[in-house]
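Since the structure comes first, as structure tokens, the remarks are kept for the end.
The values are calculated or read from the model by the stated rules, or taken from the named source; none is laboratory data. Quantities reported herein were computed from a predicted structural model and do not represent experimental measurements. Here the Cβ is made from the backbone with ideal geometry for all residues, glycine too, and neighbour counts use every protein chain on show.
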Amino acid sequence: MGLAATTPIPTLDGWRRAIDLRPGDLVFDQEGCAQPVRSVQQYIPSACYQVAFDDGLDLVGDAHMTLPLQDKTYRDNLSRWVKNRGKKYSKPLRSQPKILAVDELVKGEPKTWSIQVCEPLRYTWKDLPVPPYVMGVWLGSLRPSGLNLVGKMDVEKVRKRCRRHGFFIKVGRSRHRKLMFEFRPSIKDTFLFAGADIPTTLPFSYIESSPEQRRELLEGLIDANSYVRWDEEYKKYCIYDAHYPTIRRYQALVESFGCKTMLYLPENTSNYKLAFRLDDKNGRLKRRYIRKIKKIDPKQCVHVIADRPFLASEGFISIC
């Protein structure tokens with residue numbers, strides 16, 4: 001398997017380029033579990049290919065880059081298994097994804113193949129300055145003025161959850177008569193007391209925390225009902241932000257749960273739009289489809305070997 005040397009790889013210690021991996025580094029498998037890298041070899045192939053997916057992501061590697069792929073038969077069997085599992089006469093799922101190299105895919109019809117999204121990444125538990133749920137509410141309601149907007153937030157629900165973590169919400173009106181709130185103790189003072197900088201965006205320490213901590217963070221963002229909004233027409237959550245690096249951090253947070261996202265560039269507005277759907281019930285049915293495979297100029301590649309297929313690139317795409 002040959003992967004482009006500059007491909008970002010999520011590891012237990014943060015993101016690294018494929019070329020910077022070393023034997024013993026812990027990468028993630030399809031189930032979100034850490035596994036060690038066995039060997040890394042650098043080389044320049046005679047040709048490279050770019051594999052594009054339906055959510056705008058792509059992978060670059062040589063002709064021998066292999067992917068765990070689903071065909072229509074596998075998807076149908078998987079759907080029946082998910083529908084009937086737990087029932088008295090349900091049968092075990094016997095089908096397995098097919099391991100195919102890129103040079104085999106280009107000979108057929110690539111659009112018939114798909115890759116299942118990963119399970120939530122199991123980063124280790126982090127000792128964070130502010131509890132993740134409280135952090136989510138604070139960031140999700142924070143205005144440029146430094147105040148937190150109540151808006152359509154369910155104050156009692158948020159207040160009850162924040163009090164479990166030792167924070168109280170005080171509601172009042174700003175000089176412009178908008179309903180605002182503040183935390184007691186102050187979030188900024190809590191960061192300073194912990195010896196940490198006051199964040200202006202989502203810190204990487206929260207993005208790379210345990211699945212339970214990330215879930216609480218996302219729930220706080222959603223409950224703030226301001227930064228993350230529900231789009232009733234498309235039945236998706238949407239995040240709007242004019243700062244590209246900021247919205248990319250939120251995209252990394254959402255995708256770490258195995259969710260597909262779509263990032264839309266600004267049109268007649270200054271904001272980027274990140275759309276995603278949370279559906280834990282049918283997580284095994286989430287998948288991304290191959291849309292196009294294009295031959296490109298050769299570039300340096302890395303042959304990475306691990307015990308099981310591992311995750312690479314944005315969106316956490318499984319490769320073998």
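Determine if the range 29-44 includes at least one residue that is over 19 Å from residue 308 (Cα atoms) and in a strand (DSSP E or B). Taking every residue of the range 29-44 in turn, at least one turns out to be over 19 Å from residue 308 (Cα atoms) and in a strand (DSSP E or B). Selection of the range 100-129 for residues being farther than 16 Å from residue 50 by Cα and surrounded by 13 or more Cβ atoms within 10 Å (Cβ to Cβ) yields 112, 116, 117, 118, 119, 120, 121, 122, 123, 126, 128, 129. The selection criterion, being in contact with a Phe, Trp or Tyr (Cβ under 8 Å, 6 or more places away or on another chain) and over 25 Å from residue 32 (Cβ atoms), does not hold for residue 98.
For every residue, the table says whether it meets (1) touching a helix residue (DSSP H, G or I) at 6+ places or on another chain (Cβ under 8 Å); (2) under 19 Å from residue 256 (Cα atoms); (3) surrounded by 15 or more Cβ atoms within 10 Å (Cβ to Cβ).
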{"residue": "141", "(1), (2), (3)": "yes, no, yes"}
{"residue": "145", "(1), (2), (3)": "no, no, no"}
{"residue": "149", "(1), (2), (3)": "yes, no, yes"}
{"residue": "153", "(1), (2), (3)": "yes, no, yes"}
{"residue": "156", "(1), (2), (3)": "no, no, no"}
{"residue": "163", "(1), (2), (3)": "no, no, no"}
{"residue": "195", "(1), (2), (3)": "no, no, no"}
{"residue": "200", "(1), (2), (3)": "no, no, no"}
{"residue": "208", "(1), (2), (3)": "no, yes, yes"}
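When every residue of the range 273-284 is checked against the conditions, at least one turns out to be of a type in the set (Lys, Arg), touching a strand residue (DSSP E or B) at 6+ places or on another chain (Cβ under 6 Å), modelled with pLDDT under 90 and surrounded by 14 or more Cβ atoms within 10 Å (Cβ to Cβ).
Inspect all residues belonging to the range 179-193 and state whether any of them is without any contact (Cβ under 8 Å) to a residue 12 or more places away in the chain and aliphatic (A, V, I, L, M). For the range 179-193, residues without any contact (Cβ under 8 Å) to a residue 12 or more places away in the chain and aliphatic (A, V, I, L, M): present.
Can you give me the ranges of the strands (runs of 3 or more DSSP E) entirely in the range 231-320 with at least 1 residues that are free of Cβ contacts under 8 Å to residues at least 24 places away in the same chain and within 17 Å of the chain's Cα centre (by Cα)?
261-264
Being among the β-branched types (Val, Ile, Thr) and within 26 Å of residue 206 (Cβ to Cβ) is true for just one of 9, 44. Which residue is that? From the options 9, 44, the qualifying one is 9.
Meeting the requirement of 1 or more residues that are in contact (Cβ under 8 Å) with a residue 60 or more places away in the chain and among the polar types (S, T, N, Q), the helices (runs of 4 or more DSSP H) wholly within the range 58-167 are 72-84, 132-141. The single condition among (1) farther than 30 Å from residue 296 by Cα; (2) crowded, with 18+ Cβ neighbours inside 10 Å that residue 49 does not satisfy is (1).
Scanning the range 180-199 turns up no residue that is in a loop (DSSP other than H, G, I, E, B), within 28 Å of the chain's Cα centre (by Cα) and among the basic types (Lys, Arg). Every listed requirement among (1) in contact with a His (Cβ under 8 Å, 6 or more places away or on another chain); (2) without any contact (Cβ under 8 Å) to a residue 24 or more places away in the chain is met by residue 13 save one, (1).
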